[in-house]
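Student: So that we are looking at the same thing, I have put the structure below in structure tokens.
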Amino acid sequence: MNLTRRKFLTVSTSAAVATFFGGSQAFATVDEINKAISEFTGGGEPESGVLTLKTPEIAENGNSVPVSVAVESPMTDDDYVESVIILAEDNPNPEVATFHFSPASGEGKASTRMRLAKTQNVVAVAKMSNGKFYKASNNVKVTIGGCGG
Amino acid sequence: MNYSYKLAALLSGVLTTAVLVAAPVEDALTVDDVDMISRAASAEGHPLPEVISGWHYRTDSTRALQTDSFENGGMLGVEQGEEIWNTVEGTEGKSCASCHDDAAVSMASVGALFPKWHEESGKPINVELQINDCRVNNMGAEAYKFDKGGQKPLTAFIKHQSHGQPVTVDLTEGDMQQWWDKGKELYYRRTGQLNLSCASCHEKNNGKYIRADHLSQGNVNGFPTYRLKQGNLISLHNRFRGCIRDTRAEYPAAFSDDLMALEVYTTWRSQGLSVETPAVRQ
Amino acid sequence: MAAKPRIKVPKKASAGDIITIKTLISHKMESGQRKDKEGKVIPRKIINKFTCEFNGNSVFSCDIDPAISANPYFEFKAKVNEAGTFKFTWVDDDGSVIEAEKEITIS
């Protein structure tokens, strides 16, 4: 793309506006993420609390960012966390992984490592066996290395 | 757009560099309850007052990966190296283990003492070239090409047998001192369109940020190193070449005299630090 | 190359203990987002599913997307009431399945 400086400024300004006021272009992935969440919850509205999402504030390489979830749950046969979906708002595709638990898990805790394309919000939604949903999100700053990234 | 974006990034990089100077993290490196020497008094004639492992310059989450050998992705390579160690190859029907038996015994401190003088070739030799020497002359197998075949995992496996032991280089053997001199000259020689020497970043500016990267002393005690960027083991000569490439210079061939001299010199600069192979870096 | 997965499970536990399990497997996790030198998209090839069962019952599983890092790592919990066998599977996009087992005894 061959943009003049003026055009670049226009584009970046409108992107900034979109971020704050809900323009259509920059929110494409936000639509995707909302769609992914509502598919996961079947339209149910997630509450806050119960689910803890742990990510580093700063990741010095976006190729391997640790992520952990912990859900407060008795993990009995009739009251446990069924699954937790992890989503990254500004990745090419928002889905990262979905953990499935069972009463045999003992605790609703799991960790993995993910790829983040840039600085962005990471969102987790937990689905409980009683039909409730909980949501948590964190911002992760992904730094650009000095030497060739 | 690309240009403007880069300009903006460059400008913010300049600002960042001006503001951020951070000391290496005060922390102790322990891997599976084994204490590592990650800070050491520098050798006589060393330009820096203290030798500090690159581990101290990384973020909490990167540092944590190295403290538990299970979570260290480089250990996948070490385990692969162990399999290669026990695999018969070549016309002589031998594996490494056929002669060297249990690496935990026979290679116990070997990796910490390379590079060293190699009388037959009249040059310094590193672990990679020693493996090739063995393959060709004792196993009747082909030499590994740079970074190919089992070279990285087998080198990592052998160096890992010295995990925790201090890096030592013997300059009294053969012409090692002359190779050290040549390595030193290369270390301080500015190169590339950016006109940088190794020393520009790793001696004069270690502890500062180059854009978002916290510059270390550039010690070599953790190679082959598991880099998160590639999700793989990265050899020392690959890293040398990457660094030189980033100064926008043409880079020498792996195992060339220039890079062997640089290995001798940078290993001397890292003396006293524990072998961390496979270290984990960004 | 199908390297052996790394799995950390305690060798024994007391009945009712909640133990920590860690797994790490060698895999490039080609995301399908990268291009080769000619500019062609490198096709996606990832591990898309991980499961852990204990004595035939599901303990934990994960649906995996290309945003999971190379050499996938998972850490999770399991409640152990009896001695038995943990069975782990990793399913590759190409249809291949890597399996491993670990025994645990009750002290």
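Student: Got a sec? Which of C:66, C:72 is under 18 Å from residue A:69 (Cα atoms) and out of contact with any Cys (no Cβ under 7 Å at 6 or more places or on another chain)? Let's see the steps before the verdict.
Tutor: Numbers: C:66 fails: under 18 Å from residue A:69 (Cα atoms).
C:72 is the lone residue from the list that is under 18 Å from residue A:69 (Cα atoms) and out of contact with any Cys (no Cβ under 7 Å at 6 or more places or on another chain).
Student: Among the residues in the range B:248-262, are any within 23 Å of residue A:65 (Cβ to Cβ), surrounded by fewer than 18 Cβ atoms within 10 Å (Cβ to Cβ) and out of contact with any Ser or Thr (no Cβ under 8 Å at 6 or more places or on another chain)? Don't jump to the end; show me each part of the working.
Tutor: From the range B:248-262, those within 23 Å of residue A:65 (Cβ to Cβ) are none; that's our starting set.
Looking for residues that are within 23 Å of residue A:65 (Cβ to Cβ), surrounded by fewer than 18 Cβ atoms within 10 Å (Cβ to Cβ) and out of contact with any Ser or Thr (no Cβ under 8 Å at 6 or more places or on another chain), one finds none in the range B:248-262, hence no.
Student: Would you be able to tell me the number of residues in the range B:217-251 that are without any contact (Cβ under 8 Å) to a residue 12 or more places away in the chain and assigned to a loop (DSSP other than H, G, I, E, B)?
Tutor: The total comes to 3.
Student: Quick one: residue B:231 ticks every box in (1) at positive phi; (2) more than 14 Å from chain C (Cβ to nearest Cβ) except a single one, so which number is it?
Tutor: Here residue B:231 clears every test but (2).
Student: In this structure, is residue A:61 in contact with a helix residue (DSSP H, G or I) (Cβ under 9 Å, 6 or more places away or on another chain), within 11 Å of another protein chain (Cβ to nearest Cβ) and surrounded by fewer than 20 Cβ atoms within 10 Å (Cβ to Cβ)? Give the steps one after another, and end with the answer.
Tutor: Numbers: in contact with a helix residue (DSSP H, G or I) (Cβ under 9 Å, 6 or more places away or on another chain): yes; within 11 Å of another protein chain (Cβ to nearest Cβ): yes; surrounded by fewer than 20 Cβ atoms within 10 Å (Cβ to Cβ): no.
No: the conditions fail for residue A:61.
Student: Taking the range B:166-220, which residues are within 20 Å of residue B:117 (Cα to Cα) and out of contact with any Leu (no Cβ under 8 Å at 6 or more places or on another chain)?
Tutor: Across the range B:166-220, the qualifying residues are B:171, B:172, B:173, B:174, B:175, B:176, B:178, B:179, B:181, B:182, B:184, B:185.
Student: Here is a follow-up. Which of the residues belonging to the range B:66-86 are in a helix (DSSP H, G or I) and either within 13 Å of residue B:226 (Cα to Cα) or not acidic (Asp, Glu) (or both)? It would help to see each step written out before you state the result.
Tutor: First, the residues of the range B:66-86 that are in a helix (DSSP H, G or I): B:66-67, B:74-85.
Those that are in a helix (DSSP H, G or I) and either within 13 Å of residue B:226 (Cα to Cα) or not acidic (Asp, Glu) (or both): B:66, B:67, B:74, B:75, B:76, B:77, B:78, B:80, B:81, B:84, B:85.
Student: Hey, another quick one. Count, please, the residues in the range A:103-136 that happen to be more than 7 Å from chain C (Cβ to nearest Cβ), surrounded by 23 or more Cβ atoms within 10 Å (Cβ to Cβ) and not in a strand (DSSP E or B).
Tutor: Residues in the range A:103-136 being more than 7 Å from chain C (Cβ to nearest Cβ), surrounded by 23 or more Cβ atoms within 10 Å (Cβ to Cβ) and not in a strand (DSSP E or B): 1 in total.
Student: Among the residues of the range B:40-73, which ones are in contact (Cβ under 8 Å) with a residue 60 or more places away in the chain, over 29 Å from residue A:114 (Cα atoms) and under 19 Å from the mean Cα position of the chain (by Cα)?
Tutor: Residues satisfying the conditions are B:40, B:42, B:43, B:46, B:48, B:51, B:52.
Student: Still on this structure, I have one more. Quickly run through the range B:93-111 and pick out the residues that are surrounded by 13 or more Cβ atoms within 10 Å (Cβ to Cβ) and in contact with a helix residue (DSSP H, G or I) (Cβ under 9 Å, 6 or more places away or on another chain).
Tutor: B:94, B:95, B:96, B:97, B:98, B:100, B:103, B:106, B:107, B:110, B:111
Student: Run down C:65, C:92 and say which single residue is under 30 Å from residue B:282 (Cβ atoms), of a type in the set (Asp, Glu) and surrounded by fewer than 18 Cβ atoms within 10 Å (Cβ to Cβ). Reasoning before the result, please.
Tutor: Details: C:65 fails: surrounded by fewer than 18 Cβ atoms within 10 Å (Cβ to Cβ).
Sole residue among the options that is under 30 Å from residue B:282 (Cβ atoms), of a type in the set (Asp, Glu) and surrounded by fewer than 18 Cβ atoms within 10 Å (Cβ to Cβ): C:92.
Student: Output the number of residues of the range B:125-152 satisfying the condition of being closer than 15 Å to residue B:256 by Cβ and under 16 Å from the mean Cα position of the chain (by Cα).
Tutor: Selection size over the range B:125-152: 6.
Student: Run down A:83, A:12 and say which single residue is of a type outside the set (A, V, I, L, M) and at pLDDT below 95. First the steps, then the outcome.
Tutor: Details: A:83 fails: at pLDDT below 95.
The match here is A:12.
Student: Do we find that residue C:78 is in contact (Cβ under 8 Å) with a residue 12 or more places away in the chain and either in contact with a Pro (Cβ under 9 Å, 6 or more places away or on another chain) or more than 9 Å from every other protein chain (Cβ to nearest Cβ) (or both) in this structure?
Tutor: On the way: in contact (Cβ under 8 Å) with a residue 12 or more places away in the chain: yes; either in contact with a Pro (Cβ under 9 Å, 6 or more places away or on another chain) or more than 9 Å from every other protein chain (Cβ to nearest Cβ) (or both): no.
No.
Student: Just checking, does the range B:147-165 include any residue being part of a loop (DSSP other than H, G, I, E, B), of a type outside the set (Asp, Glu) and within 16 Å of residue B:90 (Cα to Cα)?
Tutor: Here is the first cut: in the range B:147-165, the ones part of a loop (DSSP other than H, G, I, E, B) are B:147-150, B:161-162, B:164-165.
Still in the running and of a type outside the set (Asp, Glu): B:148-150, B:161-162, B:164-165.
If we keep only those that are within 16 Å of residue B:90 (Cα to Cα) as well, we get B:149-150.
Checked the range B:147-165: at least one residue is part of a loop (DSSP other than H, G, I, E, B), of a type outside the set (Asp, Glu) and within 16 Å of residue B:90 (Cα to Cα).
Here is a yes/no grid of residues against (1) hydrophobic (A, V, I, L, M, F, W, C); (2) in contact with a helix residue (DSSP H, G or I) (Cβ under 6 Å, 6 or more places away or on another chain):
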{"position": "C:18", "(1), (2)": "yes, no"}
{"position": "C:22", "(1), (2)": "no, no"}
{"position": "C:26", "(1), (2)": "no, yes"}
{"position": "C:32", "(1), (2)": "no, no"}
{"position": "C:37", "(1), (2)": "no, no"}
{"position": "C:48", "(1), (2)": "no, no"}
{"position": "C:57", "(1), (2)": "no, yes"}
{"position": "C:74", "(1), (2)": "yes, no"}
{"position": "C:97", "(1), (2)": "yes, no"}
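Student: Quick check on my filter: what residues within the range A:93-102 are of a type in the set (Val, Ile, Thr) and either in a loop (DSSP other than H, G, I, E, B) or surrounded by 22 or more Cβ atoms within 10 Å (Cβ to Cβ) (or both)? So that I can check it myself, show each step before the final result.
Tutor: So in the range A:93-102, the residues of a type in the set (Val, Ile, Thr) come out as A:96, A:98.
Within the range A:93-102, just A:96 meets the criteria.
Student: Scan the range B:192-217 for residues that are within 19 Å of residue B:51 (Cα to Cα), surrounded by 19 or more Cβ atoms within 10 Å (Cβ to Cβ) and among the small types (Gly, Ala, Ser) and jot them down.
Tutor: B:216, the sole residue that qualifies.
Student: Run down C:18, C:7 and say which single residue is away from chain B (no Cβ under 14 Å), hydrophobic (A, V, I, L, M, F, W, C) and either surrounded by fewer than 18 Cβ atoms within 10 Å (Cβ to Cβ) or part of a strand (DSSP E or B) (or both). Show your work before the answer.
Tutor: Numbers: C:7 fails: away from chain B (no Cβ under 14 Å).
Within the list C:18, C:7, the selection yields C:18.
Student: Every residue in the range C:48-90 that is in a loop (DSSP other than H, G, I, E, B) and within 9 Å of the chain's Cα centre (by Cα), please. I'd like the intermediate steps shown before the answer.
Tutor: Start the filter on the range C:48-90 by keeping residues that are in a loop (DSSP other than H, G, I, E, B), which leaves C:55-56, C:65-67, C:69-72, C:81-83.
Result: C:72, single match.
The values are calculated or read from the model by the stated rules, or taken from the named source; none is laboratory data. Computed from a prediction, not measured in an experiment: that's the story for all the values here. Heads up, the Cβs are rebuilt from the backbone with ideal geometry, glycines too, and the neighbour counts pull from every protein chain shown.
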